[in-house]
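Peer 1: Dropping the structure in here first, questions after.
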């Protein structure tokens, strides 16, 4: 039987209360929401927090709505809810593509968007999707709120910009007219972590690519991004040639490791191919006028 | 710490350690052993119960997280001595062999039919995709859920 080591448990009743608890319990306290990454890690002693602050009651972190020119996703929004939200899927099909291949429906009932990002697993799908979208993370601390661009949010494997005593409260995703997006993942079996995955966001104006975002999962890409590939696309006419070049650049600049999910050269090959496919799908969606 | 969890409509108060998992609370504290305990890593889905009406894997939920909430286990599916239609479907269509995955499968099926009374075979397979049948009896599980859907549509 796998059971976590002993810890103290507190349930927060508001964001302010959660911050107070985190301050009182100190740097060895952890926030728990869905718990589907943290609790299995605690059973295996890969994580051994002294205290857990349960934020599942914080309805104020469960908002999911368009505010002005941004989609705002509360940190406590469950994966199942994001996947079921038609407006989020219309604005950002990349989020629905990614959610569909995260774990399984029952895990998605419990796991949260904020938890996935804060877990900061290098193989986590939403991290790359939000990186491609150039989202902004909002972090609350004792001194108030601060915003962090998603590409500065992940500071390493299982490490984020969220400091002890702070709480990720929401993600803000800029809505871009003329855009399309997609996420492509290769997994060993349904619901598994990716062997490799790629997300793409394209903004097409007057027949040329005005903005490009590319996110990479599980292949050692810094900040889950592929900046060289993105730069190669700006000002180009959308088409297979441009996508293939971007895929090759992304593959050349990432750092996949050989492991039980496959050898590094296979993962690098996947990056080139998945970037190409994600770009083509994103362009098709932009062209279809999914978002004006 | 003292917690009160409403399980199958009945409130239960117990003094538990924060590290006790919901699956063990149900099985060891309440002796509701219909909820099975399998992989311990949120993969196999035999421990699925409803938490506030939604299927979750109870090996990855702390009992203290269920304090003040409602849990439904397989024991709560039957009403007034009559099996739920999903349970009848598993009987009619030989939806179980060894029975280990069955409670979780039936709870997810009940939730699916409450949201979508006429799911396709593909939708049923998607709904149970986080649950493993070690007898590989998926064909009959899907048939059982379809039987329940058709039976409820006809009634």
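Peer 1: Could you give me D for the stretch A:111-158, from Stokes-Einstein at 4 °C and 1.567 mPa s, where the hydrodynamic radius is the Kirkwood radius over C-alpha pairs? Units µm² s⁻¹, please.
Peer 2: Once the numbers are plugged in, D ends up at 116 µm²/s.
Peer 1: I want to verify a result. In a Gaussian network model of chain A, Cα cutoff 10 Å, which of these has the top mean-square fluctuation: A:81, A:189, A:151?
Peer 2: Highest fluctuation among the options: A:189.
Peer 1: If I take every Cα pair under 8 Å that is 6 or more residues apart in the stretch A:172-292, average their sequence separation and divide by the length, what percent do I get for the relative contact order? Mind dumping the intermediate values first?
Peer 2: Details: 266 pairs, mean separation 40.2, N = 121.
Once normalised by length, the contact order is 33 percent.
Peer 1: Next up: Return the tail of the calculated pair distribution for the stretch A:209-260, meaning the percent of Cα-Cα pairs more than 13 Å apart.
Peer 2: Numbers: 735 of 1326 pairs.
Cα-Cα pairs in the stretch A:209-260 separated by more than 13 Å: 55 percent.
Peer 1: Continuing with the same structure: Using a Gaussian network model on chain B with a 10 Å cutoff between Cα atoms, which of B:127, B:109, B:63 fluctuates the most?
Peer 2: Checking each option, the largest mean-square fluctuation is seen for B:127.
Peer 1: Now a separate question. Report the Cα centroid-to-centroid distance between the stretch A:213-256 and the stretch B:1-66 in angstrom, as an integer.
Peer 2: Each part reduced to its Cα centre gives a spacing of 45 Å.
Peer 1: Determine the equivalent ellipsoid of the protein assembly as shown by diagonalising the alpha-carbon gyration tensor, then write out the semi-axes as square roots of 5 times the eigenvalues, largest first, rounded to whole Å. Let's see the in-between values first.
Peer 2: On the way: eigenvalues 287, 149, 76 Å².
Output for the protein assembly as shown: semi-axes of 38, 27, 20 Å.
Peer 1: Still on this model: Taking chain B as a Gaussian network, Cα atoms linked when under 10 Å apart, which of B:95, B:68, B:45 shows the biggest mean-square fluctuation?
Peer 2: Result: B:68 has the largest fluctuation of those listed.
Peer 1: Here is a follow-up. Strictly greater than 20 Å: what percent of every Cα pair in the stretch A:23-166 meets that?
Peer 2: Numbers: 4747 of 10296 pairs.
Every Cα pair in the stretch A:23-166 considered, those over 20 Å come to 46 percent.
Peer 1: Report the Rg/Rh value for the stretch A:8-54, based on alpha-carbon coordinates and the Kirkwood definition of Rh.
Peer 2: Numbers: Rg = 10.5 Å, Rh = 10.8 Å.
Over the Cα atoms of the stretch A:8-54, Rg/Rh equals 0.98.
Peer 1: Here's another thing I want to ask about it. Can you give me the angle between helix B:138-154 and the longest principal axis of chain B, using Cα atoms only, in degrees from 0 to 90, rounded to the nearest 10?
Peer 2: Roughly 80 degrees, rounded to the nearest 10.
Peer 1: Which percent of Cα pairs goes in each bin when the distances of chain B are cut into 10 angstrom slices starting at zero?
Peer 2: In order of increasing distance, the bins hold 12, 42, 33, 12, 1 percent.
Peer 1: For chain B, take the longest principal axis of its alpha carbons; what is the angle in degrees between that and the long axis of helix B:102-115, to the nearest 10 within 0 to 90?
Peer 2: Rounded to the nearest ten degrees, it is 70.
Peer 1: In µm²/s, what is D for the stretch A:179-287 at 25 °C and 0.890 mPa s, where D = kT/(6 pi eta Rh) by Stokes-Einstein and Rh is the Kirkwood radius from Cα pairs? Before the final figure, lay out each step's value.
Peer 2: Numbers: Rh = 13.5 Å.
Estimated via Stokes-Einstein, D reaches 182 µm²/s.
Peer 1: Tell me the relative contact order for chain B as a rounded percent, counting alpha carbon contacts under 8 Å between residues six or more apart.
Peer 2: Details: 283 pairs, mean separation 36.6, N = 155.
It comes to 24 percent, rounded to a whole number.
Peer 1: Tilt of helix A:264-287 relative to the longest C-alpha principal axis of chain A, in degrees (0 to 90, nearest 10)?
Peer 2: That works out to roughly 70 degrees.
Peer 1: Given bins 5 angstrom wide, list per bin the percent of all Cα-Cα distances in the stretch B:85-154, short to long.
Peer 2: Values per bin, smallest distances first: 4, 20, 35, 27, 11, 3, 0.
Peer 1: Evaluate the relative contact order of chain A (contact order divided by residue number), counting alpha-carbon pairs under 8 angstrom at least 6 apart; express in whole percent. Intermediate results must be reported in sequence, preceding the final value.
Peer 2: Numbers: 690 pairs, mean separation 46.6, N = 292.
Averaging sequence separation for qualifying contacts and normalising by length gives 16 percent for chain A.
Peer 1: Output the peptides A:176-184, B:2-10 sorted from most to least packed, where packing is the average of other Cβ atoms within 10 Å over each peptide's residues. Each step should come with its number before you reach the end.
Peer 2: Details: A:176-184: 24.0, B:2-10: 16.0.
Per-residue Cβ counts within 10 Å, averaged per peptide and sorted highest first, yield A:176-184, B:2-10.
Rule-based calculations on the coordinates, nothing more; no lab input. This structure is a prediction, so every number in the text was calculated from the model and none was measured. In this analysis, Cβ positions are derived from the backbone assuming ideal geometry, glycine residues included, and neighbour counts consider all displayed protein chains.
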